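Structure record follows, encoded as structure tokens.
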Amino acid sequence: MMVTVAHVQLSSCCGCLISLSDTYEKLIDILGSIDLVYCQTLADAREIPNADVILVEGAVCLDDHHTMEIVKEVREKGKILVALGACSAVGGITRFCKGGQMPKPVQSSFSALTEVVKCDLAIPGCPPSPELIVNVITAVLNGNMEYLRPFAKYAESKRGACGCDLIINVINKSLCMGCGVCAASCPTRAIKMIEGRPLVSSELCIKCGVCSFQCPRIELPKGVCQLDGE
Amino acid sequence: MDPFGKYNSIISARATDKRILKKSQDGGIVSATFIYGLENNILDGVIVADRGEKFKPVPKVATTPEEVIEAAGTKYTVCPNISLLKSAVREYGCDKIGVVGTPCQIISTKKAIKYPVGLRHVTDKIALTIGIFCMENFPYNGMKTVVEELCGARLEDVVKTDIGKGKFWVYTKWGETKSVKLKETHPYEQIACHVCTDYTAELADISTGSVGSPDGWSSVFLRTKKGEEIIKKMIDGGYLETKPIDEGKFGLGILKKLALTKKEKNIKEIEHRKELGLPVPIIE
Amino acid sequence: MAKTINITPTTRHEGHGKLILEVEDNDVVNKAYYINTTPVRGFETMLVGRPAEFAPIAVMRICGICQTTHGIASCAAIEDAIGCEIPKDGRLLRELVGLGNRMHSHPLHHLLTADDFIKPEEKELRVDVIKLIQRMRKVGQLIVDVVGGEGIHPPNIVIGGMRTNISERAKAKLYYALKRYEKDAYLMYEAYTELIERYLEEIGIPDLGAHKYPYIASHTTFGDKEDIKWDSVVEIPPQRYYKDKKIAESTSVMIPLYGGVPVEGGPRARMAKFGNFRIGGSAMDINIARAKENLGAVYRAMEILDELDINGKTKVTPEYKDGSGIGVHEAPRATNVHFAEVGKDGKIKSYKIIAASTWNFPIVEKAIEGYPHQHAEVIMRAYDI
Ligand SMILES: Cc1cc2nc3c(=O)[nH]c(=O)nc-3n(C[C@H](O)[C@H](O)[C@H](O)COP(=O)(O)OP(=O)(O)OC[C@H]3O[C@@H](n4cnc5c(N)ncnc54)[C@H](O)[C@@H]3O)c2cc1C
Ligand code: SF4
Ligand code: SF4
Ligand code: SF4
């Protein structure tokens with residue numbers, strides 16, 4: 001039996017799903033390896049069914065009754081609930097929402113899905129790269145919990161993210177050795193390397209969590225430290 | 001304890017091209033390999049540490065042999081090479097990228113390959129990683145202090161710096177050679193290096209350094225198929241000359257000793273940090 | 001007896017929506033409401049008091065499909081507000097990144113609508129079409145990756161121009177990619193035209209989704225602020241546009257009007273205004289116009305590569321002063337308009353967006369009315385909302 005997967009979009013730009021579709025010619029194989037039972041953007045199913053994996057993209061609008069219903073629903077119906085992308089995992093750009101805009105001036109509170117219900121995996125990134133999303137799906141299909149561990153930890157921590165994490169968790173803890181991968185990975189180019197240390201521009205940071213996830217001095221999963229299959 | 005990590009073979013080698021040897025730190029393995037890769041369609045861009053003003057290194061995407069040679073030689077201070085990984089693919093349009101880096105930078109690259117969260121369509125274009133041995137690095141002003149205050153040379157004048165035989169050496173363009181005992185440089189080391197247990201860049205395709213081989217030669221670990229293939233082609237084509245590594249005390253022996261020293265010392269530091277309740281990167 | 005049909009949620013498009021249709025006995029829709037139920041994240045209020053550089057970065061995240069156009073319109077509005085001229089090569093790269101986005105977005109839309117026109121038993125055809133679409137998208141996204149820095153949310157679009165120029169190698173790579181795209185775009189255009197003609201013939205309604213409203217378009221491949229009469233643009237709250245209170249309070253979009261009436265924007269509007277594309281026809285014409293626009297995009301992109309000086313300057317440093325400005329970009333879906341008011345401290349004082357597809361929300365309703373309700377979603381999708 002194929003693993004059933006649903007994709008549910010909350011308050012988001014849909015970029016995380018587009019990122020998955022940027023696997024280009026491989027997309028057909030990926031969709032062929034799973035049973036995509038719900039994905040309102042790509043298919044006609046109108047009701048979220050029970051599924052082995054539910055990928056949720058987007059933040060939760062606490063001021064929208066319908067959204068809160070869906071949030072309950074995805075937790076009940078998904079065996080593995082994945083907060084896909086910054087908005088859902090750590091807040092991302094929606095951390096800046098504050099409401100007051102027409103025609104729905106009262107919709108002002110947006111939170112990461114991880115803050116609202118228990119998620120099993122949370123994947124930062126705005127959006128996470130196509131390769132990473134595929135890696136995660138593959139790991140879920142193969143039950144590769146070792147690979148997924150950092151994402152499980154992320155889901156548990158229910159924390160927000162910010163470029164400041166590099167300052168607090170790396171530079172301030174005398175762990176930064178200046179590799180620069182944080183700067184390379186930042187989707188808004190908010191990070192410059194100055195004197196061998198990241199300088200984060202608070203003007204450009206959208207709190208996506210990529211830089212700190214990518215930093216090998218915050219977490220170095222064991223699986224990385226092997227020269228496997230080469 | 002395993003000193004070197006996984007590898008298929010280790011040799012002593014040096015480049016045959018005199019242009020490279022004139023500028024390279026040791027046997028010119030890094031520059032020669034990158035140039036060979038660029039000239040033979042194995043690589044189309046390499047990330048190196050270029051020499052900026054006052055010996056300040058600047059990461060650069062080099063796409064020609066000339067640019068590779070310009071960036072040869074060790075800079076004993078942090079150069080965030082990996083910060084260019086994405087640019088190399090994006091505005092430079094490279095598909096086959098070579099990366100040189102210290103062991104920690106190779107670890108960063110490996111993590112990026114395994115977890116490319118913020119590196120869309122990038123990591124599949126990393127064609128070769130070359131790691132350089134590293135005991136520790138210095139912040140820029142740490143290096144400056146060593147060169148200017150301890151060795152008494154002006155940074156503007158420096159043409160080469162080197163670590164060997166227990167000393168930090170500075171060569172100036174006026175032909176002078178100055179040195180200071182390594183022991184005296186310790187206070188200027190980058191503290192973040194003290195939680196690093198990798199001396200020989202255990203995750204690179206090829207790792208190289210001077211220790212274990214005679215002056216002007218390099219010790220080279222071939223760790224992966226990719227790494228082996230390119231080095232073999234270079235040897236066959238006469239781009240590298242090689243000899244078996246000295247298995248004795250001044251060859252593999254000293255290399256092993258230094259690798260283990262780093263591991264033991266820094267594992268202690270990691271344990272110490274844990275005791276203090278400070279975070280450490282490696283999570284079991 | 002008249003009845004009401006709810007289609008909720010509508011599928012195969014971005015965002016959340018529902019259709020409420022008042023239907024006559026003969027199945028024909030008498031009154032249509034197309035309601036957007038996506039919560040309002042409030043990008044306009046979010047920006048107030050924030051540094052101007054944050055604006056393009058933030059507004060791109062309105063839509064993950066056409067992020068680029070929001071980045072461009074945002075920078076253009078702020079540059080207009082402070083009187084900042086961007087260098088020629090920056091201008092060319094900006095147009096190019098916008099076209100790259102169009103060259104991925106249009107085929108993506110073909111992917112969403114494919115199942116409207118390909119029959120369930122035509123499995124092979126479906127796979128072939130999807131492969132073709134993905135090949136095309138790969139080229140479009142490559143352009144945005146290389147020129148914009150990221151295929152989704154390109155950060156190289158900055159106030160003052162473009163962050164970097166591209167290398168000779170990158171330029172050559174794009175050139176060869178465009179060559180492939182050109183071929184594929186022809187294949188796509190032919191295949192799609194055939195599919196749609198067949199569809200219209202089979203349902204026997206050649207003018208499905210026709211309406212009598214005017215079009216809005218400012219440019220074929222970029223955006224031109226001068227081409228629009230700003231006195232004629234208004235955006236009114238749904239409370240003023242819809243008589244039905246329930247409808248008015250449930251939708252998340254403001255209603256933009258041009259000269260007091262809804263207007264259609266997008267591929268057909270552009271090709272009709274600047275070319276000789278048929279006006280007033282079936283809404284399915286938009287699908288064909290979209291496929292045809294890919295060709296215009298690829299030709300212009302090649303021309304830009306020829307004109308581009310890879311050693312040229314792409315960016316100037318903006319100098320902030322008090323002012324307000326308008327930025328216009330022809331998004332894949334319609335004319336995208338941003339209004340920015342900035343202060344000399346470089347902060348945003350007020351911000352307003354008429355996101356491209358909002359022009360088409362009231363138009364979709366008009367297009368659905370007068371045709372059988374079974375085709376309502378197909379008509380809605382033609383607008384790529
Ligand atoms: C901080 C540091 C500490 C080192 N410690 C040791 C040691 O303890 N034992 C040992 O045997 N070898 C050590 N090395 C390596 C050694 O100094 C040579 O770099 C190595 O042998 C390669 O020499 P080569 O002649 O093959 O390379 P070359 O052809 O000279 O090329 C060297 C390459 O490394 C790049 N590079 C230079 N500096 C840096 C930097 N700071 N960061 C990233 N890339 C850089 C250059 O751009 C160039 O591409 C160290 C290197 C560094 C940077
Ligand atoms: S994380 Fe980024 S790409 Fe994903 S939905 Fe949010 S804004 Fe869009
Ligand atoms: S990724 Fe971590 S260690 Fe590397 S430069 Fe950034 S903060 Fe420092
Ligand atoms: S600095 Fe960049 S990568 Fe880090 S959280 Fe902010 S936007 Fe994301």
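The values are calculated or read from the model by the stated rules, or taken from the named source; none is laboratory data. Treat the numbers as computed from the prediction; the structure is a model and nothing was measured. Methodologically, a virtual Cβ is constructed for each residue, glycine included, from the backbone with ideal geometry; neighbour enumeration extends over all protein chains shown. Protein only, heavy atoms only, side chains kept; ligands, DNA and RNA dropped before computing areas. Shrake-Rupley method; radii C 1.70, N 1.55, O 1.52, S 1.80 Å.
Tell me whether the stretch A:154-162 contains one or more residues that are more than 16 Å from ligand 2 (Cβ to nearest atom) and at pLDDT 95 or above. No, the stretch A:154-162 contains no residue that is more than 16 Å from ligand 2 (Cβ to nearest atom) and at pLDDT 95 or above. Every test in (1) open to solvent by less than 30 Å² (accessible area, probe 1.4 Å); (2) not assigned by TED's automatic domain parsing to the domain that holds A:LEU31 is passed by A:ALA122 save one, and that test is (2). Restricting attention to the stretch A:131-157, which residues are of a type in the set (Gly, Ala, Ser) and within 16 Å of ligand 4 (Cβ to nearest atom)? Scanning the stretch A:131-157 gives a single hit, A:SER157. Collect the residues in the stretch C:38-54 that are open to solvent by 40 Å² or more (accessible area, probe 1.4 Å) and not small (Gly, Ala, Ser), keeping them in residue-number order. Those that are open to solvent by 40 Å² or more (accessible area, probe 1.4 Å) and not small (Gly, Ala, Ser): C:VAL48, C:ARG50, C:GLU53. When C:ASN287, C:ASN276, C:ASN311 are checked against the criterion of being in a loop (DSSP other than H, G, I, E, B) and touching a residue at least 40 places away in the same chain (Cβ under 8 Å), C:ASN311 stands alone in meeting it.
Which residues, counting only those in the stretch B:57-77, are assigned to a loop (DSSP other than H, G, I, E, B) and either in contact with a Cys (Cβ under 6 Å, 6 or more places away or on another chain) or over 16 Å from B:LYS160 (Cα atoms) (or both)? Of everything in the stretch B:57-77, those that are assigned to a loop (DSSP other than H, G, I, E, B) and either in contact with a Cys (Cβ under 6 Å, 6 or more places away or on another chain) or over 16 Å from B:LYS160 (Cα atoms) (or both) turn out to be B:THR63, B:THR64. Can A:GLY160 be described as more than 10 Å from chain B (Cβ to nearest Cβ), within 26 Å of A:VAL71 (Cα to Cα), open to solvent by 20 Å² or more (accessible area, probe 1.4 Å) and within 10 Å of ligand 4 (Cβ to nearest atom)? Yes; evaluated as a whole, the condition is true for this residue.
So that you can scan it fast, the table gives a plain yes or no per residue for (1) facing chain B (nearest Cβ under 8 Å); (2) of a type in the set (Val, Ile, Thr); (3) more than 19 Å from B:LEU85 (Cβ to Cβ):
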site: C:ILE143; (1), (2), (3): no, yes, yes
site: C:VAL146; (1), (2), (3): yes, yes, no
site: C:THR164; (1), (2), (3): yes, yes, no
site: C:ARG180; (1), (2), (3): no, no, yes
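If the condition is being within 14 Å of chain A (Cβ to nearest Cβ) and touching a Leu at 6+ places or on another chain (Cβ under 8 Å), then the stretch B:63-93 contributes B:LEU85, B:LYS86.
What do you reckon, is A:PRO105 open to solvent by 20 Å² or more (accessible area, probe 1.4 Å), near ligand 2 (Cβ under 8 Å from one of its atoms) and over 15 Å from A:CYS162 (Cβ atoms)? For A:PRO105, the condition - open to solvent by 20 Å² or more (accessible area, probe 1.4 Å), near ligand 2 (Cβ under 8 Å from one of its atoms) and over 15 Å from A:CYS162 (Cβ atoms) - is not met. Filtering the stretch A:163-199 down to residues that are β-branched (Val, Ile, Thr) and at the interface with another protein chain (Cβ under 7 Å from one of its Cβ atoms), which residue is nearest to ligand 4 (Cβ to nearest atom)? Restricting to residues being β-branched (Val, Ile, Thr) and at the interface with another protein chain (Cβ under 7 Å from one of its Cβ atoms), the top hit is A:THR188.
Being in contact with a strand residue (DSSP E or B) (Cβ under 9 Å, 6 or more places away or on another chain) and away from ligand 2 (no atom under 15 Å from the Cβ) is the filter here, so list the residues in the stretch A:203-214 that pass it. Correct list: A:GLU203 only. Residues that are open to solvent by less than 10 Å² (accessible area, probe 1.4 Å), away from ligand 1 (no atom under 16 Å from the Cβ) and more than 7 Å from chain C (Cβ to nearest Cβ) do occur in the stretch A:60-71.
Tell me the strands (runs of 3 or more DSSP E) entirely within the stretch B:111-208 that contain at least 3 residues that are open to solvent by less than 50 Å² (accessible area, probe 1.4 Å). Those strands (runs of 3 or more DSSP E) span B:126-132, B:158-164, B:167-172.
Residues are listed down the side, and each one gets a yes or a no for (1) modelled with pLDDT under 95; (2) surrounded by 12 or more Cβ atoms within 10 Å (Cβ to Cβ); (3) hydroxyl-bearing (Ser, Thr, Tyr):
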site	(1), (2), (3)
C:ALA210	no, yes, no
C:THR220	no, yes, yes
C:GLY223	no, yes, no
C:ASP231	no, no, no
